[in-house]
1. What pairs from 5/64; 5/87; 13/56; 20/102; 20/87 go past 30 Å between their alpha carbons?
2. Cβ under 15 Å from residue 80's Cβ, residue 80 left aside: what net charge do those residues give with Lys, Arg +1 and Asp, Glu -1?
3. Between the DSSP loop rule and a limit of at most 12 other Cβ atoms within 10 Å, which GluC sites (Glu not before Pro) in the range 11-98 are left?
4. State in Å² the accessible area per residue of the range 3-72; use a 1.4 Å probe, count heavy atoms of protein chains only, and round to the nearest integer.
5. How high is the relative contact order of the range 7-77, in percent, counting Cα pairs under 8 Å that sit 6 or more residues apart?
6. Quote the charge dipole size of the range 37-124 about the Cα centre in Debye, to the nearest 20; the model charges only the Cβ of Lys and Arg (+1) and of Asp and Glu (-1).
7. Please compute the net charge surrounding residue 112, taking Lys and Arg as +1 and Asp and Glu as -1 over other residues with Cβ under 12 Å from its Cβ.
8. Run the paramagnetic zone check for residue 32: 7 angstrom along Cα to Cβ, then residues of the range 65-104 with backbone nitrogen under 12 Å.
Amino acid sequence: MNDKKCPVCDSEKLIQIEEKVPLRAGDVEREMIMQATECASCGCSFHTPEQERFNKRQRLAFRKLAEGLLTGEQIRAIRQRYNLTQKQAAEIFGGGPVAFAKYEADDVAQSQAMDRLIRVFAQVPAARAMLVSDISPAPQVQLLIEDQLAVGYHYVRAQTLVARRRFLNAEEEVRERLQQMLSHADSEPEPEYPVEWRAKGKPANEWRH
């Protein structure tokens, strides 16, 4: 179905509407917001896939209320109150790695047992401490070991670089000193008086330069 055109008259004059629809389950009754699309040309209404998904979530949220379960919004508030990610919450309570993403979006209704466990976690500090302590520390230990190995590797590498830098510095220092000595030797002024070299036991004029 083309969401940009009316399925009846092919008009593109579509308007998204929201209306409160009364829902009832047993003694529980409540108005929930539902979405739809209305054609301004012929007046027909229909639902897009996104609107159907939204309405389904609204109906499931109402069902949770009727059965006395926590809504997705309430579950999210409890999780955020104790600074837990959805993954951490799934490790504490079980249900699978994406369970809390589905609970909070009202895509799936949690069981009565899961609902009670979440309520106990929120209301009983001792139970909360016990549940949190049951999380396996293995990933954190592994991460710590990896961090230490990384630090050790970088330390050794840094020491190697420092040693090489020191060697290069010493080499440069020697080269600089040699250059200074050569330049100093080239720039030495000629003696003010000529130097005479004499062989032992011979006149000076035969060895004069």
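1. From 5/64; 5/87; 13/56; 20/102; 20/87, over 30 Å: 5/64; 5/87; 20/87.
2. Residues near residue 80 contribute +3 overall.
3. 12
4. In whole numbers, the range 3-72 has 64 Å² accessible per residue.
5. 26
6. 280
7. Combined, the nearby Lys, Arg, Asp and Glu give +1.
8. 65-67, 71-72
The values are calculated or read from the model by the stated rules, or taken from the named source; none is laboratory data. Model, not experiment: these values are computed from the prediction. A quick note on method: Cβ atoms are made from the backbone with ideal geometry, for glycine too, and the neighbour counts reach across all protein chains shown. Heavy atoms of the whole protein, side chains included, go into the accessibility calculation; ligands, DNA and RNA do not. Shrake-Rupley method; radii C 1.70, N 1.55, O 1.52, S 1.80 Å.
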